[in-house]
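A short write-up of the structure that comes next.
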């Protein structure tokens, strides 16, 4: 501590006596002011539900405004703050790396948002955005008990009063949307309506104020009525007019990838990389399958793997049961430092997320100081499914993919990322991130854990046969992400149809038809979901480059710790922080 205090004193002295250093401080101070203005006046102002999620509870009574006037105002505000940031010219000194790279992160975030609002235009195409906004606006107030039930209910009432307006704006904005987007909204709405009818009132059963509860009964009933009306409108009016194209096109795809992930590779080069990794993982899968069952085809072994799954009513417990072994292995083998002993809570996925996700990690925001629970969401089979459909669905939760998913979402995947977030070096790094970092890390850990020995007999597997099934599960998940990589580019470049994508997931990605259909729906609205494999490959290259540089001094645990303490910037920025150069990320 004394050494740190001396360094601080030296820093103050240098800033006051060295004119170059003082000038350097000037641009950093300018950037800090503009970045704070961006978050406080633009980012959360136009996305107040995100404010609640990160722990800024001054936004709890506000809801997204989708009026065209407000969308135009957001575009103008983004362009204004973009010019202010562009006018700041940072020094290239190594000591200024964090604010200099934060400036690039923020500019990229602004340009991505503008691309979304002006070119991709989901507010004009995606009906699910509106009903999902209503559900999420309520969910983030009920999920975590950051204030008393009465205080949170008061905020919910304020939001619920705005929800019918959101659904009215949807009717104004939506113009010839893609059919699949409207179908997804129709598919999700019955669960969302049930969510408001049952889950939301139950979450606030402990509220005390009778007048508040009476007002909530009125606003909640109005939201349910508005959602029912919206569902009827989608079915009778919008669906017949839903003939639009969900594809964003190659040029927009490339721009989005550059702004979101700082990846500027030509799409044909990315496809080469994606196909090479797909074939590599297929070959590995086929090899392990042949070792397991020499007389069966790989597809027959895949079917056997799929049949080895927990009962649907035991799925949540199956995930909970993985934690002890994963944590013990991580600590014993010095994989990464785990900053807390608190574990995530495993629960069923919220209704408004079930149509497009099998599992997810929902962590508290970086500025949430009261309710710090993290939730590991798992999507159970829909009660309306036939027994055959349930069986097909549960193939996605086989013995191997349960482990792979637990690694990805919890240990040492997303949950460990969250536990490291307080060490991120700036507000920008805590609030803005790249999916190649967030999802790339989680996907990278699936393979890394098995490569380091987890899943062997006595370490996650009871015998050699089960160990091979765990490897097949990891490879099946890798092939799923490989398929996303390829179809995202091909589908949005107009080179694969919706049905061809479903078939690709089945044939090349080794997925069930049920999984393939969900994944194709997701890809229609999440064009660049190649970021899983893309980020994993970038991280693996970074690890190998660092090994070459450090030689015998390289430590896997130190590499992982240093990676995680950067926050969630694009891997390009992490490379520069860890390697000290701007060498290619792929």
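The values are calculated or read from the model by the stated rules, or taken from the named source; none is laboratory data. As the structure is a computational prediction, the values presented were derived from the model and not from experiment. Here Cβ is always computed from backbone atoms with ideal geometry, including for glycine, and neighbour counts include all displayed protein chains.
Assorted remarks:
- Filter result for residue 527 (touching a residue at least 12 places away in the same chain (Cβ under 8 Å) and outside the structural domain of residue 408 (by TED's automatic domain parsing)): no
- Answer from 129, 176, 136, 220 - the residue that is touching a helix residue (DSSP H, G or I) at 6+ places or on another chain (Cβ under 9 Å) and at positive phi: 176
- Looking across the stretch 52-73, the residues that are assigned to a loop (DSSP other than H, G, I, E, B), in contact with a helix residue (DSSP H, G or I) (Cβ under 7 Å, 6 or more places away or on another chain) and crowded, with 18+ Cβ neighbours inside 10 Å come down to 60, 62, 63, 64, 66.
- Of all residues in the stretch 123-176 being within 26 Å of the chain's Cα centre (by Cα) and closer than 13 Å to residue 67 by Cα, the one that is surrounded by the fewest Cβ atoms within 10 Å (Cβ to Cβ): 124
- Considering residues of the stretch 74-103 that are under 30 Å from residue 125 (Cα atoms) and free of Cβ contacts under 8 Å to residues at least 24 places away in the same chain only, the residue surrounded by the most Cβ atoms within 10 Å (Cβ to Cβ): 80
- Some residue of the stretch 177-193 being over 20 Å from residue 143 (Cα atoms), in contact with a strand residue (DSSP E or B) (Cβ under 6 Å, 6 or more places away or on another chain) and not assigned by TED's automatic domain parsing to the domain that holds residue 64: yes
- 2 or more residues more than 23 Å from residue 105 (Cα to Cα): qualifying helices (runs of 4 or more DSSP H) within the stretch 506-586: 513-525, 531-550, 556-564
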